[in-house]
1. Let me have the relative contact order for segment 14-494, percent, based on Cα pairs under 8 Å that are six or more residues apart.
2. Rounded to the nearest 500 deg cm²/dmol, what is the calculated helix-only ellipticity per residue at 222 nm for the chain, with -39500 (n - 2.57) per DSSP H run of length n ≥ 4?
3. Please report, in debye to the nearest 20, how large the charge dipole of the chain is about its Cα centre when each Lys and Arg carries +1 at its beta carbon and each Asp and Glu carries -1 there.
4. Normalised by the number of residues in segment 59-198, what is the relative contact order in percent for Cα pairs under 8 Å and 6+ residues apart?
5. Could you estimate the translational diffusion coefficient of the chain from the Stokes-Einstein equation, with Rh from the Kirkwood formula over C-alpha pairs, at 37 °C and 0.692 mPa s, in whole µm²/s?
6. Relative contact order (percent) for segment 231-328, with alpha-carbon contacts under 8 angstrom and 6 or more residues of separation?
7. Compare the peptides 126-132, 452-458 by average per-residue count of other Cβ atoms within 10 angstrom and give them in order, highest first.
8. Please sort 401-409, 338-346, 271-279 by packing, taking for each peptide the average over its residues of neighbouring beta carbons within 10 angstrom, highest first.
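Bear in mind these aren't lab numbers, they're just calculated from the coordinates by the rules spelled out. Nothing here was measured: the structure is a model prediction, and the numbers come from that model. Ideal geometry is used to build each Cβ from the backbone, glycine not excepted, and the neighbour counts take in all protein chains shown.
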Amino acid sequence: MKQSVTLEQIQDFKGKYPKQLWYLFFSEMWERFSFYGMRGMLVYFMVNEMMMKDDVANLQYGATQAFVYAFTFIGGLFADKILGFRKSLFWGGLLMIIGSCILAFDPKAYFFLGIGFTIIGTGFFKPNISTMVGNLYKNGDARTDAGFSLFYSGVNLGALLGGYSCIYLGKFYSWHVAFGLAAIVMTISLVTFIFTQKSLGPIGLSPLAKDGDTKEADKSRKLKEYLTYAGSLAIIPFIIILVSNPEYTDIFMYIIGPASLIYLFYEMRNFSLSENKKLIAALVFIIFSIFFWAFFEQSGGSLSLFAANNLTNTVCGIPLDANGVNNSANSLFVIVFAALVGMIWLWMSKKKIEPNTLVKFGLGFLFLAGGFYVFYYTKFFADTDGRTSLDLFTFGWFIITFGELCLSPIGMSVMTKLSPQKTQAVMMGMWFLASAYGQYFAGILGANISVASENATNFEKLIIYADGYKQLAIYALIAGVVMIAISPLIKKLMQDVK
Ligand code: GLN
């Protein structure tokens, strides 16, 4: 296939960021708007419109989140093997639009059908756009992490806007319009991608398409592509069954992780020892990130109950809803500080004092521990009704945000650096699969904390939640220390990758 721009031209860009990063930034921003917009409506909609009990809605919510991230592994797999990143993105985006249109049409009657489309769609979209960001950079380009940090502020800008506006429209105006908005912004995301994808040159084309392909090869590639599209539609009924019965989530989670590992080990037979060492290092990052997300994702679960029951409603004297703050403070802090953190890494790399990825990960856990310790510390500011300072709580999110910025964009970046080209999207999928497990464990952790506080007074609840967060702070601290301690070992496995 003839390309107007070559990979070298893209990767030899001048300045801080390649221009293609901005295009991917906007596609991802709108996709996350749609994704977080829907995510923010789910529990509320299930409880208030579908009349589900709180715990059932929570479990179902956990299941959707776990499935969304689990399917990024499968989306990555098909991108690596058949579709390439671009067609995967297009297909995923299309399914997400269909899913949100179904929900906009009749959210109650077709709830799980709409969710089913969204799960598969996100699976094809999410890992592959992140992998393409990595492909804009040459191996070893010190600007890569800064690029992922910028991309990550796009993620959070979308999350902030979507998370606030969709639920607002749904609660006060109409659920049809709220889900419709998710469909509209997803369409903007896809259109942005379609109009700018030419600038990506050869990045993300099908791995099966080669210059000078014979008609036969072309035909066989197309057949595989159509089978992938048809297969992804055919599994939607199964997804609906799995998601609408949360007890199946356990079984699914027991299977998908080990299956992905077996697949990776099977793939490893084709790679050199040096490549395999890097893949093992990538696995270490992935495993640690499960713990990170299990704690971090308390935000959608136990922290939202904590916010509703035990927090006041002003930040720096401004009246604000505690749940709103719990949902959006983190995104806002990411937007404000992602570029700054990116600039700090660039500045440090120029001075040759940039910490390596392991130390950054370790720092991520230390910040996480600090944030959860602040959540714990709120108990010392409580009144007799068990309400405590939203200011201090917000400060906790401020600290955790730096942890997230040390781990999440950098994790995506290092996945692209540690995987051979042929398996990049699968590794990115595994990175997000760790988030699926994080979501899954977050639900269990959160449920344990909330079960312990059943029949307790509001003040006792505060104490139980706060003490639970102290435990999490201690575990995060241990994880951070372990990560930094094993860093020399993993550094060896990473070889030239920093
Ligand atoms: N908030 C980030 C995003 O949506 C990371 C999510 C995750 O990996 N759990 O991209």
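1. Relative contact order here is 25 percent.
2. -27000 deg cm²/dmol
3. About 1740 debye.
4. 31 percent
5. Once the numbers are plugged in, D ends up at 143 µm²/s.
6. Averaging sequence separation for qualifying contacts and normalising by length gives 14 percent for segment 231-328.
7. Result, highest mean first: 126-132, 452-458.
8. 401-409, 338-346, 271-279
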